[in-house]
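The next block holds one structure in the form of structure tokens; read it before the comments.
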Amino acid sequence: MASGGAGKDKRVVVVGGGIAGGIIAKTLQFQNVVTLIEPKEYFEIPWAQLRSMVEPSFAERTLIKHSEFLTNVTIIESHATNVTSHEVQTANGHTFPYDYLVVATGHPGPGQVTRNDRLKHFQQDYEKIKTSNSILIIGGGPTGVELAGEIAVDFPEKKVTIVHKGSRLLEFIGPKASTKTFNWLIKKKVEVILGQTVDPESISEGGVYVTSGGEKITADCHFVCLGKPVASSWLHDSILKGSLDKKGQLMVDEKLRVKGHSNIFAIGDITDVPEVKQGFLAQKHVSVVAKNLKLLIDGAAEKKFATYKASSDMALVSLGRKEGVAQLPFGTFFGCLPGMIKSKDLFVGKTRKTLGLKAE
Ligand SMILES: Cc1cc2nc3c(=O)[nH]c(=O)nc-3n(C[C@H](O)[C@H](O)[C@H](O)COP(=O)(O)OP(=O)(O)OC[C@H]3O[C@@H](n4cnc5c(N)ncnc54)[C@H](O)[C@@H]3O)c2cc1C
């Protein structure tokens, strides 16, 4: 149970236990009565998944059971399916009343709900990569590029092809970063086909795939690395349906409250905050909302509330174990320096410490 101080009896329901939801549940767990609704039994560091595909043991540190760090939270392993003005409904047929709600369902999680199954999944991906001579990657955004980088560095003998429908790789950051990444991949003998798509179902005998432009690619296996839509379909018939924008994101004010709802906040990738969607920014949302929740519960004046300002575009994409590309407000950097920041440990130790766990 929550102990001591105002708000100890206030019920806060957090929906979504990814980067934003997992961290806010941890932050609030001794101040309020916190319930987390999340289908998976574990927290996953999403940007480490590509390394886990080439080194499955890496996932041991990146998949963390919620119960390990949410010691004072009621954890409900189910999907939320609806929300009314006073409760959240779940797929397993239960309802959870709330005084305050935090929506953090950035993207649909992976299919595996147990940590063991997720570990097995990485092992299977690894076997698939190891036993293939040629690999097709569909999608040249951060996931496709980081996967190509991991394979090209750890398995330089494999033939890797990326097919991307856009006119450049990594369209979420600037063209300079795209060009440098493209050149790096070409140097590593990765074939990059731009402006085309591939239907993974188009595979014919002998492992031949046909692109939208009619090109034939032979590959022993493929990975689909296309961006996922935000996970807001569960809100379509809810009291929040009018707060969704055209992209399915929740519209929030500068205090990160869902527009039109004084006791409901949204954080992370689900929000319409105009910035590149990043986990380190989701963590900044957490700080703002944790403060504002406390002020709201304490009955503080609105002017005391923390406000969130959209961040300028910043991103770090790893290219294998030692190199990377970084777009920062003051320039684009490439090679070992961004590699030193991200690519060795992929911020895994840092994220584990945020959860109050040992880095190793
Ligand atoms: C390849 C890759 C590399 C990246 N690199 C970086 C990086 O270097 N640095 C960085 O800061 N960011 C990086 N990001 C972005 C970062 O992963 C996201 O911005 C971050 O995960 C967003 O956190 P979130 O909590 O909003 O959403 P998510 O982490 O997507 O979590 C959403 C959670 O909601 C759950 N959920 C969905 N629907 C429901 C429902 N109906 N009911 C209950 N639960 C539900 C899901 O299971 C999931 O656990 C990277 C992303 C990718 C894919």
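No value in this document is a laboratory result; all are computed from the given coordinates. Owing to the predicted nature of the structure, the values given are computational and were not obtained by experimental measurement. As a convention, Cβ positions derive from the backbone with ideal geometry for all residues, glycine included, and neighbour counts pool all protein chains shown.
If I take R0 = 35 Å and measure r between the Cβ atoms of residue 237 and residue 167 in this structure, what FRET efficiency does the formula 1/(1 + (r/R0)^6) give, to the nearest 0.05? Walk me through the numbers before you get to the answer.
Details: r = 38 Å, r/R0 = 1.09.
According to the calculation, E is roughly 0.35.
With a ≥ b ≥ c taken as the square roots of the eigenvalues of the C-alpha gyration tensor of the range 251-360, please select rounded if a/c is under 1.5 and otherwise prolate if a/b is larger than b/c or oblate if it is not? Prolate. Around the amide H of residue 222, modelled in the peptide plane, lie the amide H atoms of 136, all under 5 Å away and 5 or more residues distant in sequence or on another chain. Positive contributions from Lys and Arg (+1) and negative ones from Asp and Glu (-1), summed over other residues with Cβ under 14 Å from the Cβ of residue 158, come out at -2.
Stretched out fully, how many nm does the piece from residue 78 to residue 300 gain, at 0.36 nm a residue minus the Cα gap?
On the way: separation 222, 0.36 × 222 = 79.92 nm, distance 3.41 nm.
Separation in residues times 0.36 nm, less the Cα-Cα distance, equals 76.5 nm.
Taking R0 as 51 Å, what's the FRET efficiency between residue 309 and residue 218 from their Cβ-Cβ distance, rounded to 0.05? Result of the calculation: an efficiency of 0.55. Under a point spin-label approximation (7 Å from Cα along Cα-to-Cβ), what is the residue 341-residue 202 distance to one decimal in nm? Placing both labels 7 Å beyond Cα along the Cβ direction yields 3.7 nm. What helices in the chain pass both tests, a Cα length along the helix axis of 24 Å or more and a mean Kyte hydropathy of -0.5 or higher, using whole DSSP H runs? Within the chain the helices that satisfy the rule are 279-298. In order along the range 349-360, the Karplus-derived 3J(HN,Hα) couplings, from 6.51 cos²θ - 1.76 cosθ + 1.60 at θ = phi - 60°, round to x, 4, 5, 4, 5, 4, 7, x, 10, 5, 4, 8 Hz, and Gly and Pro are given as x. Length available on full extension from residue 131 to residue 287: 0.36 nm per residue minus the Cα-Cα distance, which gives 51.7 nm. What the pair-distance distribution of the range 75-163 shows, using all Cα-Cα distances binned every 5 Å from zero, is 3, 11, 15, 15, 13, 10, 9, 9, 8, 5, 2, 0 percent. For the chain, the equivalent ellipsoid built from the Cα gyration tensor has semi-axes of 38, 21, 20 Å, listed from largest to smallest. If you average the C-alpha positions of the range 29-106 and of the range 316-334 separately, how far apart do those two centres end up, in angstrom? Taking the Cα centre of each part, the range 29-106 and the range 316-334 sit 30 Å apart.
Relative to the current alpha-carbon distance between residue 8 and residue 85, full extension at 0.36 nm per residue lengthens the span by 25.6 nm.
Which shape class applies to the range 142-265: rounded if a/c is under 1.5, otherwise prolate when a/b exceeds b/c and oblate if not, where a ≥ b ≥ c are the square roots of the Cα gyration tensor eigenvalues? Please list the in-between numbers first.
Details: a/c = 3.00, a/b = 2.02, b/c = 1.48.
Taking the square roots of the gyration eigenvalues as a ≥ b ≥ c, the range 142-265 is prolate.
Legend: distances between Cα atoms for 40/158; 165/189; 259/358; 304/358; 26/165; pairs beyond 28 Å are 40/158; 259/358; 304/358; 26/165.
Checking the a/c ratio against 1.5 first, then a/b against b/c, what shape does the Cα gyration tensor give for the range 20-75? Please report the intermediate quantities before stating the final value.
On the way: a/c = 2.87, a/b = 2.75, b/c = 1.05.
In terms of gyration-tensor shape, prolate.
Between amide H atoms placed 1.01 Å from N, distances below 5 Å from residue 78 occur with 38, all of them 5 or more places distant or on a separate chain.
For the pair residue 94 and residue 357, a Förster radius of 30 Å applied to the C-beta separation gives a FRET efficiency near 0.55, rounded to the nearest 0.05.
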